[in-house]
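Accompanying notes for the structure given below.
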Amino acid sequence: MQNLSSNNLPDASAKSTWHLLTLTQVSKRELFYKQVLHAIALEKLETLILRVELPQDSVYKNLVLVEVSSLKAVRDRLQQIDPSLQVKIDPKPLTIDQVNRMLGQ
């Protein structure tokens, strides 16, 4: 898992929000994850996309979690990473409890 923040736990005090990305093609989740990390590095998006996590439980096999400083600023970019995957971004932020549960913490 890629952690772009200073610690390994979600930070409840930060102004960032966690969002759920749902992929239509389960088999491409790892590829999409790597593409997001590549886009962060290439386009210097570290201040916008703070963390990218893959929940390990098989129940979440088509999901990717992202912690962002501004969903509005990165929404289109996340959907353009691989248009063939038809990534759906839940605009409703997840709670820290939901994120911890999905990450097994």
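What follows is calculated from the coordinates using simple rules that are stated; it is not laboratory data. The model shown is predicted, which means the values in this text are computed figures rather than measured ones. Note: ideal-geometry Cβ built from the backbone for every residue, glycine included; neighbour counts use all protein chains shown.
Couple of notes before you dig in:
- Net dipole in debye of segment 15-102 [+1 Lys, Arg Cβ; -1 Asp, Glu Cβ; about Cα centre; nearest 20]: 140
- Sites ASP76 and GLN56 - FRET efficiency at Förster radius 25 Å, r taken between beta-carbons, to 0.05: 0.30
- Between the entries (1) 15, 54, 30, 1; (2) 15, 47, 27, 10, 1; (3) 14, 50, 30, 6, the label attached to P(r) over Cα pairs in 10 Å bins from 0, in percent calculated for this structure is (1).
- Taking other Cβ atoms within 10 Å as a rough exposure proxy, HIS38, HIS19 sort from fewest to most as HIS38, HIS19.
- Normalised by the number of residues in segment 17-66, the mean separation of alpha-carbon contacts (under 8 Å, six or more apart) gives a relative contact order of 54 percent.
- Comparing GLU53, GLU67, GLU30 in a Gaussian network model of the chain (Cα springs below 10 Å), the most mobile by mean-square fluctuation is GLU30.
- Normalised contact order of the chain, rounded percent, pairs of Cα under 8 Å and 6 or more residues apart: 41
- Of LYS34, LYS44, the sequence from fewest to most neighbouring Cβ atoms within 10 angstrom is LYS44, LYS34.
- Given charges at Cβ of Lys, Arg, Asp, Glu: segment 15-102 dipole, positive-most of LEU45, VAL74, ASN100: VAL74
- Note on LYS44/GLN86: beta-carbon distance plugged into 1/(1 + (r/R0)^6) with R0 of 25 Å gives a FRET efficiency of 0.45.
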